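Written out below as structure tokens is the structure these notes cover.
The values are calculated or read from the model by the stated rules, or taken from the named source; none is laboratory data. Keep in mind it's a predicted model, so treat the numbers as computed, not measured. Heads up, the Cβs are rebuilt from the backbone with ideal geometry, glycines too, and the neighbour counts pull from every protein chain shown. For the accessible areas, the whole protein counts, side chains as well, though only heavy atoms, and no ligand, DNA or RNA atoms are used. Shrake-Rupley method; radii C 1.70, N 1.55, O 1.52, S 1.80 Å.
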Amino acid sequence: GKATVQRLRCERFAMVHAAATYVRKNFLRYHYRKLYTELMSDFNSKELYAIVIQRWLRGHLCRQRMRGDRDRCQELLWGAVEIQRLWRGYVARRMFELRYEQMWSREMAAARIQRVARGYVARMRVLRTRRRIARLEYDRAHCRYVAAQRIQAWTRGVQVRHILGTRKIQVGRAVYAIQKAWRGFYLRRGLWQKVLNARATTIQATARAFLVRRRLRRVVLSAILIQVSYKNFRYLSKAERQRRLDGMKRRNVAARQIQAGVRGVWTKLQEREQTAAIREATAKAKQATAKAVAGDAVAHLGSDAVDEVYAVSPQTTVERARDGLLDS
């Protein structure tokens with residue numbers, strides 16, 4: 001019935017489809033084989049051109065790679081040259097800074113030495129000027145004292161001659177003898193004082209010259225030592241530098257304490273010795289002056305005449321000033 005017809009139709013359609021598929025397969029095989037054959041013949045005819053194109057392309061790629069290598073090498077070379085230039089510039093600047101620092105240290109040390117020397121010279125010039133002025137004032141005062149002494153001598157001579165009358169010659173001779181003795185003593189003392197001043201000046205000049213040379217030598221040696229120490233200190237590590245700085249600070253503090261104690265004791269001892277020496281010299285000068293005046297008076301006059309002269313003519317202004325200077 002219908003199922004058989006339908007089955008036959010399906011079988012027929014399957015046979016037709018298989019035949020069509022077989023025909024199409026053969027046709028496609030023929031067609032694509034023909035295309036392949038044409039392509040192969042075309043490829044074989046154009047193979048030489050492909051080889052030339054490949055050769056030129058490979059040459060271009062090789063040249064491009066070599067050009068890139070050349071540019072890279074040039075960049076590396078330029079980089080090395082730039083690094084060398086920068087390093088040599090840094091080394092040169094460092095050497096210049098070191099030499100400039102050395103030169104600056106030397107100039108500062110020389111300027112410090114010059115400043116100390118000029119200050120010392122200026123102070124010495126001012127001190128000499130002050131001493132010269134004091135000496136002139138002393139000479140003027142001495143002239144005034146001598147003039148006052150002469151005026152007082154003449155005035156008291158007139159008074160003595162007027163009061164004593166008959167004894168004016170004897171008293172006048174006694175006064176003249178006393179004045180002569182005192183003036184001789186005063187002159188000798190002045191000459192001896194000038195000799196002592198000249199000797200003291202010579203000693204002071206020699207000592208100051210020695211001190212200046214020694215101070216200059218110490219300053220120069222200190223500057224050299226500082227420079228050498230700084231050069232050695234510069235090449236140390238940070239830890240070693242800090243350790244040495246701490247040690248130096250501790251030594252400086254201990255040295256200052258010891259120096260302060262020693263200087264205090266030494267100053268006290270010097271003050272005591274100077275005070276004792278001044279007192280002893282003052283006492284000896286007073287005794288020597290009193291003995292000299294009394295001896296000269298007794299030699300020229302009797303004790304009664306000396307008493308009368310001292311009763312009539314009191315102590316002069318110069319003698320009072322002299323006693324005041326001796327007491328001070």
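The sole residue among Lys249, Lys231, Lys284 that is more than 26 Å from Arg112 (Cα to Cα) and either free of Cβ contacts under 8 Å to residues at least 24 places away in the same chain or not small (Gly, Ala, Ser) (or both) is Lys284.
Evaluate region 75-87: report whether one residue or more is in contact with a Lys or Arg (Cβ under 7 Å, 6 or more places away or on another chain), free of Cβ contacts under 8 Å to residues at least 24 places away in the same chain and in a helix (DSSP H, G or I). Checked against the condition, which is being in contact with a Lys or Arg (Cβ under 7 Å, 6 or more places away or on another chain), free of Cβ contacts under 8 Å to residues at least 24 places away in the same chain and in a helix (DSSP H, G or I), region 75-87 yields no hits at all.
Taken together, the residues in region 233-277 that are open to solvent by less than 100 Å² (accessible area, probe 1.4 Å) and assigned to a helix (DSSP H, G or I) amount to 26. Being within 30 Å of Arg208 (Cβ to Cβ) and touching a residue at least 24 places away in the same chain (Cβ under 8 Å), is that true of even one residue in region 92-105? Yes, there is a match, as at least one residue in region 92-105 is within 30 Å of Arg208 (Cβ to Cβ) and touching a residue at least 24 places away in the same chain (Cβ under 8 Å).
For region 184-195, name all the residues that are farther than 18 Å from Thr289 by Cα and open to solvent by 70 Å² or more (accessible area, probe 1.4 Å). Lys194 - this is the single residue of region 184-195 that is farther than 18 Å from Thr289 by Cα and open to solvent by 70 Å² or more (accessible area, probe 1.4 Å). Looking at this structure, is Ala122 among the small types (Gly, Ala, Ser), at pLDDT 90 or above, under 26 Å from Arg218 (Cα atoms) and in a helix (DSSP H, G or I)? Judged against the criteria, Ala122 is a match. Comparison of Gln114, Gln149, Gln159, Gln170 shows that the only residue that is polar (S, T, N, Q), surrounded by 10 or more Cβ atoms within 10 Å (Cβ to Cβ) and touching a Ser or Thr at 6+ places or on another chain (Cβ under 6 Å) is Gln149. In this entry, Gly165 passes the filter for residues that are loosely packed, with under 10 Cβ neighbours inside 10 Å, more than 20 Å from Thr289 (Cα to Cα) and not acidic (Asp, Glu).
Residues that are assigned to a helix (DSSP H, G or I) and surrounded by 12 or more Cβ atoms within 10 Å (Cβ to Cβ) are absent from region 125-132 altogether. Looking at region 85-104, is at least one residue over 31 Å from the mean Cα position of the chain (by Cα) and among the hydrophobic types (A, V, I, L, M, F, W, C)? Yes, region 85-104 contains a residue that is over 31 Å from the mean Cα position of the chain (by Cα) and among the hydrophobic types (A, V, I, L, M, F, W, C). Would it be correct to say that Arg213 is closer than 20 Å to Ala117 by Cα, open to solvent by 100 Å² or more (accessible area, probe 1.4 Å) and without any contact (Cβ under 8 Å) to a residue 24 or more places away in the chain? So Arg213 passes the test. Against the numbered list (1) closer than 30 Å to Arg234 by Cβ; (2) open to solvent by 100 Å² or more (accessible area, probe 1.4 Å), Leu98 comes up short only at (2).
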